[in-house]
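> Here it is: the structure, laid out below.
The values are calculated or read from the model by the stated rules, or taken from the named source; none is laboratory data. On a predicted model such as this, the values are computed, not experimentally measured, just so you know. Ideal geometry is used to build each Cβ from the backbone, glycine not excepted, and the neighbour counts take in all protein chains shown. Accessible surface is based on the protein model in full, side chains and every heavy atom, while ligands, DNA and RNA are left aside. Shrake-Rupley method; radii C 1.70, N 1.55, O 1.52, S 1.80 Å.
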Amino acid sequence: LGIIYVDSNDRSSLYTRDDLALLSALASKAGISLDNAQLYDDQRNLFYNVVETLVRAIQARDPYTSGHSARVSRLSLLIAEKLDLTTKEKHQLYLAAMLHDIGKIGIPDGLLNRKGKLTEEEINQIRNHVNVGAQMLLALGEMHPIVPLILHHHDAWDGSGYPDKLKGEESPLMSRILAVADTYDAMTSDRPYREAMSTSDAIAELKRCSGLHFDPDVVEKFLEVLEEQGTAIEVLQPQM
């Protein structure tokens, strides 16, 4: 992993065996630290590669969501900045945003891209994607903290959402952030059953649903983000 070089311009003082033992101990500690750092980087890269692979799997099933997860993650992180979330919370929010639709892998293609009206049974089948996604991620130990965020990002402020009809602050703050970012991007993107809404119409809808479907504080911060950033939201991965 490296070399420790020791030198002296004093010829009258030679290094002793004790000096050698001390340097050997330091070298061992340094080597272990460098090795652990490399292992950590390798594990982190592998982890993000897994996340990227899962996101690609979602997009392969539903081309209309291409880029959706990345945009939702960026919008969510911009809201998180406004709400002073910690670095750890931002990391969890980023992962949850990237993987919030992973459960759609379990929805049949014919239903996922249906243009016509859905039956109540079909609507319930699509809504079940939050449960499917949560169960999938439970199998990955690193993902456990984000499971509740994905499970509850469709629960509503007034308790009318799903799957558990959580009300107000009963659902995690990061889920409530994700709900606003997800809904805005969905409204302003084309879908098989409708064309994209204009930015102004989408903002009006968020305002209408503030305090009903969405956390009003989160909506307020998001509107500040849009005012500052405009509609050209750059997609970036958070610094860890």
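> For the full complex of protein chains and a 1.4 angstrom probe, list Leu54, Leu138, Leu1 by accessible area with the highest value first.
Sorted descending by solvent-accessible area, the residues read Leu1, Leu138, Leu54.
> Got a sec to turn the phi values of region 132-142 into Karplus ³J(HN,Hα) couplings, 6.51 cos²θ - 1.76 cosθ + 1.60 with θ = phi - 60°, whole Hz, x for Gly and Pro?
In residue order, the calculated couplings are 4, x, 4, 5, 4, 7, 4, 6, 10, x, 4 Hz.
> Could you provide, to the nearest whole Å², the per residue accessible area of region 97-240 with probe 1.4 Å?
Solvent-accessible surface per residue comes out at 52 Å².
> Percent of accessible area on the chain owned by carbon and sulfur, 1.4 Å probe?
In the chain, the share of accessible area belonging to carbon and sulfur is 52 percent.
> In square nanometres, what is the average projected area of the Cα convex hull of region 97-164?
5.2
> Still on this structure: Taking only Cα atoms, what is the 0 to 90° angle, nearest 10, from helix 87-99's long axis to the longest principal axis of the chain?
Roughly 50 degrees, rounded to the nearest 10.
> Across all directions of projection, what mean area in square nanometres is found for the Cα convex hull of region 47-132? Spell out each step's value before the answer.
Details: hull surface 25.8 nm².
Computing the convex hull of the Cα atoms and averaging its projections yields 6.5 nm².
> Ranked from the most accessible area to the least, with a 1.4 Å probe and all protein chains present, what is the order of Leu75, Leu14?
Ranking Leu75, Leu14 by accessible area, largest first, yields Leu14, Leu75.
> Please get the size of the charge dipole for region 1-155, origin at its Cα centre, with Cβ charges of +1 on Lys and Arg and -1 on Asp and Glu, quoted in debye to the nearest 20. If you can, show how the numbers build up before the last one.
Details: 16 positive and 19 negative charges, 110 e Å.
Here the size comes out at about 520 debye.
> Just the accessible area per residue of region 34-80, please: how many Å² with a 1.4 Å probe?
53
> Follow-up question, since we're still on this one. Give me Rg over Rh for region 4-76, both radii from the alpha carbons and Rh done the Kirkwood way, two decimal places. Show your work: numbers first, answer last.
Working: Rg = 25.0 Å, Rh = 17.1 Å.
A ratio of 1.47.
> While we're looking at this one, here's another question. Let me know the number of lysine pairs in region 82-240 closer than 26 Å at the Cα, not counting same-chain pairs under 8 apart.
Close lysine pairs under the 26 Å cut-off: 21.
> So, taking all protein chains as they sit and a 1.4 Å probe, how much accessible area belongs to Tyr40, in Å² rounded to tens?
Number for this one is 130 Å².
> For the chain, how big is the tail of P(r) above 26 Å, as a whole percent of Cα pairs?
Percentage above 26 Å: 47.
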